[in-house]
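Derivation of every value follows stated rules applied to the coordinates shown; laboratory data play no part. Just so it is clear, the model here is predicted, and its values are computed rather than measured. Positions of Cβ are backbone-derived with ideal geometry, glycine not excepted, and every protein chain shown enters the neighbour counts.
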Amino acid sequence: MAVIAFVLVVVWRIGDIQFVEGGMWREMAEEIGLDYKTIKATRGSIYADGNDLLATSLPFYKVSFDPSLADDKTFKSGIDSLSHLLSKFFRDHSAEVYRKRISEARQSRKRFMVINNNLINYQQKQLMENWPIFREGRMIGGVIFDKVDKRHIPFKTLAQRTIGYVNEDNNGVGIEMSYNNWLSGQDGKGLYQKVAGGNWKPLNVASDVKPRDGYDVYTTIDINLQDVAQNALLKALKQYRANYGCVVLMEVKTGEIKVMTNLTRLESGEYAEILNYAVQGTNDPGSTFKLASMLALLESDKIELTDSVDTGDGTYEFADRTMEDASAEKGGYGKITVQEVFEKSSNVGVSKLVEQYFGQNPQKFIDLIKATGFGQPLDFQMMGEAIPYIKDADDKSWSKVSLPWMSVGYETSITPLQTLAFYNAVANDGKMIQPIIVKSIKDGNKVVEEFEAKTLERRIASSSTIEKLKVMLEGVVERGTAKNIKNDYYKIAGKTGTAQKLIDGRYYKQRYYASFAGYFPADQPIYSAIVVIDDPYGWNRFGGDVSAPVFKEIADMIFSLDLGLHDTFQKEFRADDGTFPTIRAGKYDELNKLLNQFGISNHLETENVEWVRAGVSNNAIAWKANHSEGKLVPNVQGMTLKDALYLLENKGLKVSITGTGRVLRQSVSPGIRISTGERISIELG
């Protein structure tokens, strides 16, 4: 009986502690609970080239209060006004409710209460610091502003995937994750006391360890060009209802990436930056790989550009498979030169040449390409770079058709960025450099670390081979599969690519991976770029139809934005050496009448034109047609202000003027399509 009685007493006591006294003990535990907690460091910012903010941490604050600290006089004189201000600001409770809550907490001697769970910004914090009671500060008035940093992306979706993120589990992507160790800083430690409601109150003791804020990351991205490229890509993706697309633009000499945009089609039909295809997306590159095949042929002294290749009717049998040209339906190209093989992107021509000269030793072909660095990882600054794949002849998947199919960009797997690095090397006179997207790490204005593009290969091929590759690339735009992007103001060099998509181990003829890689201006390369559009829908789905126009739109915009490039691009608009007429452009009837009065010989090269530009033919002035049809920007360089304004304003352009005299430069290039309400600046001199 004694044992049973003892057990009953124990059970009763446990119940009493748990249900009757439990609240008291839990409250006491909360009152005396102490713990060192992490004080988060403020994350560093990410900047574009030109110091535009790409990502930054903005401070927000949770407002808490120790109602016991203020003396009676301060509390009584300020509580009504404070309650009214809190009610008006947060708009969730009446002033009376706020007054009652705060007064009850003070009466019960609570040392900590959360005023409102909604966060306020820095400007709102400054406002509250001047409110009654709060204005006495933390130690006397009792107000506590707990800082909470939130990541802010000023340009929203622009370069969103390239910028990336880091989540609460310390996982992420893009620059945010790749440079997380620099950006995150060093968290501190502070002593906190647990109070009623499960909240923790900072005690601000001498033993607290202050956090060290993160460093800032400065990238190479040009936010204006990023905007141009993303819009151009988005327009093409929507037009062709493609799966995804990417664009990378880099400076030829420095390797600095100015644009990296990746867009994926969502179920809704809209596009968003979800995956970085430029860095992580490997694919059969298709005909852009033919540049590497030609390099191998030229480096081994197997061919000249003037040699002939019989492509027949556009089909050729290799073992049990048929190689086809896009021209096969039209009867093929027949016998053409090596230069034409490249310009027309003849699969038959390239594969026959490679099979002819490397068929007995395919590994030599592969070694020549790999020796350039093409097909090797770039050790890119952003984590997650995909490993490229160019198979060797002893690979278990090697077959009798591997060599010819590899020569035209199949049975390989390469990222757009890796392809661009190879094309950039050709533009850079054979020097292959590592693309970079981060220039420096800074602590305030102090540079902590700087980055420059590493040289991956000092020379990917002989000077002779590089010059021939350049000729071939220019020919593609002048006469070949990308002649639709040829223009009269600057030259583009590049190569189209159209690869059948490999889906579940099978190539589909009507589904393509369309691309264009190249550089501009062709004679003095400044930028290189690659455009990829995956699985475009419609009749014209080849690289020249889909991707090349995006490349040109970006190049055109760079040309129009940078007046300094015009001297490089527009040599035809400069005065010839020797005597040249002062008046170089205007209305033909006015100029003809003026020159006839002075006895200067002049003639019109094309009949029935109103606006002309002057050229020299022997000792006479030769008037050339100078106009633009439809919604294209006219060339007003050399004109009087009156004539220039007439032409430009009649095109719907808004004109701003600097200087006096005749037009020296115009900010928007001739031949560029005019956007509604577009502005143009003209410089007179």
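Couple of notes before you dig in:
- Rounded to the nearest 10 degrees, the angle from helix 72-90 to the longest Cα principal axis of the chain is 40 degrees.
- Farthest toward positive dipole pole in segment 226-566 [+1 Lys/Arg, -1 Asp/Glu at C-beta], among V341, A229, S327: S327
- Charging the Cβ of each Asp and Glu at -1 and of each Lys and Arg at +1, and nothing else, the dipole of segment 226-566 about its Cα centre rounds to 240 debye.
- Axis angle, to the nearest 10 degrees, between helix 548-561 and the longest C-alpha principal axis of the chain: 80 degrees.
- Simple point charges give the picture: +1 on the Cβ of Lys and Arg, -1 on the Cβ of Asp and Glu, and for the chain a dipole about the Cα centre of about 1900 debye.
- Reachable lysines, given that their alpha-carbon falls under 26 Å from the alpha-carbon of K330 and they are not under 8 places away in the same chain: K290, K344, K352, K483, K486, K495, K501, K509
- Those lysines that a straight Cα-Cα span of less than 16 Å connects to K110, excepting residues fewer than 8 apart in one chain: K100, K194, K201
- Taking packing as the residue-averaged number of other Cβ atoms within 10 angstrom, the listed peptides 647-653, 611-617, 401-407 run from highest to lowest as 401-407, 611-617, 647-653.
- Computed from Cα atoms, the angle from the helix 223-240 axis to the main principal axis of the chain rounds to 70 degrees.
- Gained length - D72 relative to K156, 0.36 nm times residue gap less alpha-carbon distance: 25.3 nm
- As a size descriptor, the averaged projected area of the C-alpha convex hull of the chain was calculated at 48.9 nm².
- Helix content alone sets the calculated 222 nm mean residue ellipticity of the chain: runs of n ≥ 4 DSSP H residues at -39500 (n - 2.57) each, divided across all residues, give -9000 deg cm²/dmol.
- Annotation: for a label point projected 7 angstrom from Cα along Cα→Cβ of K335, residues of segment 303-323 with backbone N closer than 15 Å are 306-313.
- Segment 581-625 versus segment 148-187: alpha-carbon centroid distance in Å: 61
- In order along segment 279-287, phi translates into HN-Hα couplings of 9, 10, x, 8, 6, 4, x, x, 5 Hz, rounded to whole numbers, per the Karplus curve 6.51 cos²θ - 1.76 cosθ + 1.60 with θ = phi - 60° and x for Gly and Pro.
- Length-normalised contact order of the chain in % [C-alpha pairs under 8 Å, at least 6 apart]: 10
- Between the beta carbons of L266 and K189, assuming R0 = 41 Å, the FRET efficiency works out to 0.45 to the nearest 0.05.
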